[in-house]
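Student: Would you mind keeping the following structure in view while I ask a few things?
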Amino acid sequence: MNDLADRLEELRGRGLHRRLRLISGPQGPRVLLDGRPVLLLCSNNYLGLADHPRVRQAAAEAAMRWGTGAGASRLISGNMGPHRLLEQRLAEFKGHEAGLLFGSGYLANNGAIAALAGRGEVVFSDELNHASLIDGCRLSRAETFVYRHGDLDHLAWGLRRAEGRGSLIVTDGVFSMDGDVAPLPGLVELAGRHECRLLVDEAHGTGALGPGGRGAVAAAGLVEEIDVIVGTLGKALGGYGAYVCASRETVDYLINTARPFIFSTAPPPPMVAAAIAALDLLESHPHRVERLQAGAHALRDELAAEGLAAGGATQIVPLTVGEAERTMALCERLLEHGIFAQGIRPPTVPDGSSRLRLTVMATHRAGELRHAARVIASCARDLGVSAVPSPPGRAEAPLAEAA
Ligand SMILES: Cc1ncc(COP(=O)(O)O)c(C=O)c1O
């Protein structure tokens, strides 16, 4: 009965025990962490909208006008004006016929994948996909073929082997822990050739890539070719909740079959109104996206100048260290120097590829990023850690530590 203590002890022994840290105040570039002032380098508030006055105001006003909760699921009595408006706005923004809100990105991926694939079919999933896609595949009860990270030949082999049972390919657009972009043109080609649907999770692409921050799919000019886009409101859009964009028929199907949509209370009106305000800001101030991209370039360059090779190609800047303990030692050392860059360990990333996952925000100043790179390099040197670009995938997971 009391094996939980043993299991916790085992996690501690492997350097994998987690604890909650406490942030005081809103998510800005500088926060108080457990009472200590730090530069925040691991938030997904990429565009600085979570703490933007107009977004906060919209949430406050919606709370007064519509109340704090929707009171029921959408199919009972929880479908309100703001839900419909936000769905239309998201569909227009993403260039799809229709949109559908979910409680979170985790739920949207679970719900959409489990609805679109089923027993007797095969789902194809990149090995570095986010846990919500992985769990969606599990829930679908379809057979899952996990292809090597970004490896189109491996995927093509799996599709041939499925002999027509393939129903869905699922991928992160921007990989959440690696910051690289999926090979979307090749995925579209294979999906078309094998008559599979393609679902792209734009959690980290929206607000960060493509024209006006429309995402990795728009950046690749492939909006018309993708069957299902999933996005979250909890990262660049600064709130909470998520959405699917797809054809009207697909959305109608999800309304009727996606269990996290059917069996869960509708998103609260203040969160929906906050997302509408965030979209307004994104559309009227697209330079925020450029600032984010410029900041990411600057941080990579500064790290390279310090001899640290970061992975990825976006606002997610991973510094792969290797062992979990060494990664957390570096994370703690950085905190002592006023930098908060959370260490990421298994099972979030493959064994042997623990890393600092640095994330840039449009609100970081160039001087802050320069300072961060110098401090990271100096702490890494003190601890004898040399970061290398992220390993190619779970299968290989090599790692690098220096003496
Ligand atoms: C790629 C990806 N998809 C989905 C999610 C889940 O989104 P949410 O935080 O809205 O549940 C995340 C992050 O948490 C993610 O990184």
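The values are calculated or read from the model by the stated rules, or taken from the named source; none is laboratory data. Predicted, not measured: the structure shown is a model, and the values here were computed from it. Positions of Cβ are backbone-derived with ideal geometry, glycine not excepted, and every protein chain shown enters the neighbour counts. Surface areas here come from the heavy atoms of the whole protein model, side chains and all, with no ligands, DNA or RNA. Shrake-Rupley method; radii C 1.70, N 1.55, O 1.52, S 1.80 Å.
Student: Which of the residues that make up segment 119-156 are within 16 Å of the ligand (Cβ to nearest atom), aliphatic (A, V, I, L, M) and in a loop (DSSP other than H, G, I, E, B)?
Tutor: Matches in segment 119-156: Leu128 only.
Student: Restricting the search to segment 2-28, which residues are on the phi > 0 side of the Ramachandran plot and free of Cβ contacts under 8 Å to residues at least 12 places away in the same chain?
Tutor: Gly25
Student: Additional query: Among (1) part of a strand (DSSP E or B); (2) closer than 23 Å to Lys94 by Cβ; (3) more than 16 Å from the ligand (Cβ to nearest atom), there is one condition Leu190 misses while meeting the rest; what is its number?
Tutor: (1)
Student: Taking segment 37-90, which residues are open to solvent by 20 Å² or more (accessible area, probe 1.4 Å), outside any loop (DSSP other than H, G, I, E, B) and among the β-branched types (Val, Ile, Thr)?
Tutor: Scanning segment 37-90 gives a single hit, Ile76.
Student: Identify all residues within segment 203-217 that are in contact with a Ser or Thr (Cβ under 9 Å, 6 or more places away or on another chain), of a type outside the set (D, E, K, R) and more than 13 Å from the ligand (Cβ to nearest atom); write none if there are none.
Tutor: Across segment 203-217, the qualifying residues are Leu209, Gly213.
Student: Related question: All but one of (1) open to solvent by 10 Å² or more (accessible area, probe 1.4 Å); (2) modelled with pLDDT of 90 or more hold for Ala400, so report the exception by its number.
Tutor: (2)
Student: List every residue pair whose Cβ atoms lie under 7 Å apart, where the two residues are 6 or more positions apart in sequence or sit on different chains, the first residue falls within segment 102-123 and is closer than 15 Å to Tyr240 by Cβ, and the second residue, located anywhere, is part of a helix (DSSP H, G or I) and away from the ligand (no atom under 12 Å from the Cβ).
Tutor: Close Cβ pairs (under 7 Å, with a partner that is part of a helix (DSSP H, G or I) and away from the ligand (no atom under 12 Å from the Cβ)) amount to Phe102/Phe261.
Student: Just checking: which of the helices (runs of 4 or more DSSP H) contained wholly in segment 264-358 hold 2 or more residues that are open to solvent by less than 10 Å² (accessible area, probe 1.4 Å) and over 30 Å from Ala63 (Cα atoms)?
Tutor: 287-305, 324-336
Student: Hey, any hits in segment 240-262 for a residue that's under 27 Å from Leu184 (Cα atoms), in contact with an Asp or Glu (Cβ under 9 Å, 6 or more places away or on another chain) and within 16 Å of the ligand (Cβ to nearest atom)?
Tutor: Yes.
Student: Can you give me the number of residues within segment 200-250 that are open to solvent by less than 10 Å² (accessible area, probe 1.4 Å) and over 17 Å from the mean Cα position of the chain (by Cα)?
Tutor: So the count comes out to 2.
Student: Now a separate question. Those residues that are more than 14 Å from the ligand (Cβ to nearest atom) and touching a strand residue (DSSP E or B) at 6+ places or on another chain (Cβ under 9 Å), I need them from segment 164-181; list them, please.
Tutor: Arg165, Gly166, Ser167, Leu168, Ile169 - these are the residues of segment 164-181 that are more than 14 Å from the ligand (Cβ to nearest atom) and touching a strand residue (DSSP E or B) at 6+ places or on another chain (Cβ under 9 Å).
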